[in-house]
């Protein structure tokens with residue numbers, strides 16, 4: 001395509017577009033997705049088999065991509081999957097071209113497609129067209145990228161639930177309840193003055209029609225809003241920092257949880273001078289795990305910087321694993337640190353490490369502390385530690401949401417955009433109920449009900465603007 005055509009690319013047109021659906025590389029196959037006006041006709045013009053132009057939807061045609069020139073050149077032998085409108089992902093005529101793997105073959109086919117009349121797809125443009133053509137609502141569209149970005153099996157299942165329509169169904173049911181309340185208000189407001197006496201007017205101003213329905217809708221909205229904290233955990237994970245004094249076994253524990261030798265382990269204090277990060281999964285929860293420098297006074301400038309960085313990480317962590325060196329027992333510094341961190345706002349799991357050398361004293365000398373006994377060297381107690389982590393994450397999640405991590409039988413929010421709109425609807429409905437209690441006239445209440453309904457409509461895309469849609473879909477990957 002020429003530069004002028006590329007500059008004109010925008011969401012919302014029906015131009016033929018193409019993009020890699022898989023990343024070209026060392027794999028056996030590369031997939032290129034095509035869609036838009038005349039897309040089948042355009043691909044057929046550079047295809048060896050005449051059967052492509054008349055191929056039925058949901059069929060596969062074998063042939064060669066050919067660059068048309070004075071001396072026609074075969075680019076690659078491919079399989080083309082044909083999808084006829086409206087029975088395709090985008091709702092338009094579409095094709096998936098399966099090329100040989102590697103960089104050269106796929107890029108050469110893409111060059112031919114551009115020469116033929118396709119332009120490169122914008123980020124998320126295939127899913128944008130699916131939304132515009134009524135194939136997906138916005139909640140399902142967003143769940144497509146959630147599915148692509150899922151870090152664990154549990155995250156994948158939750159994204160698939162939204163892709164299957166669980167959130168769309170819940171939003172539409174709540175919106176239907178609010179529409180009932182709004183319709184009842186407008187019926188009252190449509191009474192003429194001749195039909196309503198002064199006494200009736202006083203009664204109408206003090207009543208919110210279908211108040212119980214409004215309360216039910218508010219309860220369901222608040223449950224949806226609370227669900228975001230659980231979903232954020234499954235999407236973004238939690239931050240867990242391993243802390244403790246030098247040679248407590250932090251790096252050994254880091255390697256044990258990671259199941260590989262990532263951190264250097266030696267008997268020399270101060271070996272770890274800066275934090276090291278890795279992503280692991282614990283019972284389906286993504287965990288950003290940090291190994292940190294040992295907490296100790298030091299004259300070494302570099303090590304001191306590492307200790308300061310460790311303290312900052314600990315401060316911002318969702319959960320801290322504090323290791324006590326069982327070989328040395330509880331030091332005065334341990335006692336100070338433990339008392340400082342054993343507060344309600346910080347989720348700290350205390351570990352007695354090197355239990356294979358020395359078990360913890362009984363009773364434990366520090367009040368309200370029951371350490372998890374482990375040996376980072378031989379793996380003893382690792383299952384108990386994983387259970388303690390899950391319990392700590394559960395407490396972290398429950399403090400605002402009230403949900404169990406294992407709960408997956410309810411509709412839940414998948415993006416910050418959805419959360420903000422649900423909260424906006426909650427706020428409007430809270431105001432409606434408060435105004436009704438103050439006997440505010442319905443003509444002041446009805447606009448707030450409409451705001452709540454519109455917020456829910458914006459979640460599914462029933463109410464939307466071009467700017468909002470472009471901002472949302474531009475965050476998708478190319479080829480989706």
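The values are calculated or read from the model by the stated rules, or taken from the named source; none is laboratory data. Quick caveat, the model's predicted, so the values are computed rather than measured. Cβ: placed from backbone, ideal geometry, glycine included. Neighbour counts: every protein chain shown.
Name the single residue that is nearest to residue 322 (Cα to Cα) among those in segment 368-385 being part of a helix (DSSP H, G or I) and touching a strand residue (DSSP E or B) at 6+ places or on another chain (Cβ under 8 Å). Filtering first and then ranking leaves 385.
Just one residue in the set 118, 126, 131 is in contact with a strand residue (DSSP E or B) (Cβ under 6 Å, 6 or more places away or on another chain) and either surrounded by fewer than 23 Cβ atoms within 10 Å (Cβ to Cβ) or under 15 Å from residue 35 (Cβ atoms) (or both); that residue is 118. From the list 233, 242, the one residue that fits, being surrounded by 18 or more Cβ atoms within 10 Å (Cβ to Cβ), modelled with pLDDT of 60 or more, closer than 20 Å to residue 378 by Cα and touching a helix residue (DSSP H, G or I) at 6+ places or on another chain (Cβ under 8 Å), is 242.
Among the numbered conditions (1) in a loop (DSSP other than H, G, I, E, B); (2) touching a helix residue (DSSP H, G or I) at 6+ places or on another chain (Cβ under 6 Å), the only one that residue 462 does not meet is (2). Note on segment 32-52: residues that are outside any loop (DSSP other than H, G, I, E, B), surrounded by 18 or more Cβ atoms within 10 Å (Cβ to Cβ) and in contact (Cβ under 8 Å) with a residue 12 or more places away in the chain amount to 10.
The set of residues in segment 138-151 being touching a residue at least 60 places away in the same chain (Cβ under 8 Å) and crowded, with 20+ Cβ neighbours inside 10 Å consists of 138, 139, 141, 142, 143, 144, 145, 146.
So in segment 422-452, with the set limited to residues that are under 19 Å from residue 139 (Cα atoms) and surrounded by fewer than 23 Cβ atoms within 10 Å (Cβ to Cβ), which one is nearest to the chain's Cα centre (by Cα)? Among those residues, the one meeting the criterion is 423.
Only one residue in 425, 388 is under 17 Å from residue 250 (Cβ atoms), modelled with pLDDT of 85 or more and not in a strand (DSSP E or B), so which one is that? Full working, then the answer.
Values: 425 fails: under 17 Å from residue 250 (Cβ atoms).
Result of the check over 425, 388: 388.
If we scan segment 53-74, do we find a residue that is at negative phi, in contact (Cβ under 8 Å) with a residue 40 or more places away in the chain, crowded, with 23+ Cβ neighbours inside 10 Å and assigned to a strand (DSSP E or B)? Yes - at least one qualifying residue is present in segment 53-74.
Tell me whether segment 179-189 contains one or more residues that are at pLDDT 85 or above, in contact with a helix residue (DSSP H, G or I) (Cβ under 6 Å, 6 or more places away or on another chain), in a helix (DSSP H, G or I) and under 19 Å from residue 477 (Cα atoms). Looking for residues that are at pLDDT 85 or above, in contact with a helix residue (DSSP H, G or I) (Cβ under 6 Å, 6 or more places away or on another chain), in a helix (DSSP H, G or I) and under 19 Å from residue 477 (Cα atoms), one finds none in segment 179-189, hence no. Against the numbered list (1) assigned to a helix (DSSP H, G or I); (2) touching a helix residue (DSSP H, G or I) at 6+ places or on another chain (Cβ under 8 Å); (3) closer than 30 Å to residue 130 by Cβ, residue 454 comes up short only at (2). Residue count for segment 330-367, restricted to those that are modelled with pLDDT under 85 and not in a loop (DSSP other than H, G, I, E, B): 12.
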